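All remarks here apply to the structure that follows.
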Amino acid sequence: MSIDSAPLLPPALRPGDQVVLVSPSGPVRPEHVTPGIDLLRSWGLTVTLGAHAYDREGYLAGSDADRLADLHAALRDPAVRAVLCTRGGYGVQRIVDGLDPSSVRDDPTIVLGFSDITALHLALWRTARLATLHGPAFALRIAPDPATVASLRAALFEPAPVVVRASDDEPTRAVTTSGRVAGRLTGGNLAMLTASLGTPDAPDTDGAVLLVEDIAEQPYKVDRMLTHLHRAGALAKVAGVAVGQFTDCDGTDPTVLDVLAERLHDLGVPVLGGLPVGHGDVRHTVPLGTRAVLDADAGTLTVDPGVRPAG
């Protein structure tokens, strides 16, 4: 699909709307999800759970068939206005080939998640051209900070551009270069982006602003993944790179910042680091599939809304 193709935008949420929490990847405990449910209800939303949201089969939240069934049930129900993932972990790639995108095309629904849910974002873009939201999971082990909550609520309820400002408190701020570019925002978790190469859902990065973030990966593994993207041609025509959080990516010689700088600066495109997007303490929500302006000099990533006016 063309980078310039208009994305399919679901309607913004309104108080009273029904949202469903699903677990298409790793398993969750009910006590970790309850605070997220309470938060959504405080916004006036009606919250239900997928039938298998609390299932567990080893490192998966139940069988492939059941996790896919929960996704389909939520996406096909005209009363459901948002499908919110409880967590990432691992498992979405096992079920995306079974997705039926017809209901999404006919009645687009908000889909929100991050980390392993990157595979779902990629599949929904390829099959339905659906704009989705890269945002925090709802299995909340600790109360989210106010900036995370405000960003999430705005992305769900307000059909307005999302502006994310680079923070000097984020270590990846150090990899920033200069320049200003525009392109469709794509990407997400670096490990999942790399794992998608060679599949139908490999990201279409030509002319795009590529978002990358990750957690608990050694510098050499980040190097390996970026090198894989290089060799596969996935970085050859990017317009710019938005670098989110690389959390707990320990290593000192070289550091993950050294690796990011070496692998990304050679692209000769603007790179903006320091974005509070990913697995850090502050997790901003950003649309995927809509037009973004990356301004490395101003330290901002401005993304067209991932929702349209409701009604």
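The values are calculated or read from the model by the stated rules, or taken from the named source; none is laboratory data. Bear in mind that the values here come from a model prediction, so they are computed numbers and not experimental data. Neighbour counts are summed over all protein chains in view; Cβ atoms, including those assigned to glycine, are modelled from backbone coordinates with ideal geometry. The protein model used for the area step is the full one, side chains on, heavy atoms only, and it has no ligands, DNA or RNA in it. Shrake-Rupley method; radii C 1.70, N 1.55, O 1.52, S 1.80 Å.
A few points about this structure:
- With protein chains left intact and a 1.4 Å probe, residues in the stretch 238-311 average 35 Å² of accessible area per residue.
- Carbon and sulfur %, accessible surface of the stretch 202-289 computed with the full protein complex present, 1.4 Å: 45 percent
- Taking a ≥ b ≥ c as the square roots of the eigenvalues of the Cα gyration tensor, an a/c ratio of 1.5 or more together with a/b no larger than b/c marks the stretch 161-227 as oblate.
- Proximal charge balance of Leu156 [Cβ under 11 Å; K/R count +1, D/E count -1]: +1
- Solvent-accessible area per residue for the stretch 34-121 (1.4 angstrom probe, square angstrom): 39 Å²
- The long axis of helix 118-128 is offset from the longest Cα principal axis of the chain by roughly 70 degrees.
- Relative contact order of the stretch 37-80, pairs being alpha-carbon contacts under 8 Å that are 6 or more residues apart, as %: 26 percent
- The stretch 3-58: C-alpha gyration tensor shape, a/c 1.5 cut-off, then a/b vs b/c: oblate
- Share of carbon and sulfur in the accessible heavy-atom surface of the stretch 21-169 [1.4 Å probe, %]: 51 percent
- Loop trypsin sites (Lys or Arg not before Pro), the stretch 105-150, which have at most 15 other Cβ atoms in a 10 Å radius of their Cβ (DSSP): Arg141
- Cα gyration tensor category, rounded, prolate or oblate, for the stretch 32-81 with a/c compared to 1.5: oblate
- Percent of Cα-Cα distances greater than 32 Å, calculated over the chain: 20 percent
- For the stretch 170-269, applying the loop criterion from DSSP together with a ceiling of 12 other beta carbons within 10 Å to the GluC sites (Glu not before Pro) yields no site.
- Mean residue ellipticity, 222 nm, helices only, the chain: the sum of -39500 (n - 2.57) across DSSP H runs of n ≥ 4, divided by residue count and rounded to 500, is -8000 deg cm²/dmol.
- Computed over the stretch 1-67: relative contact order in percent, which uses C-alpha pairs under 8 Å that are six or more apart: 38 percent
- Within the chain: Cβ-based charge dipole about Cα centre, in debye rounded to nearest 20 (Lys, Arg +1; Asp, Glu -1): 660 debye
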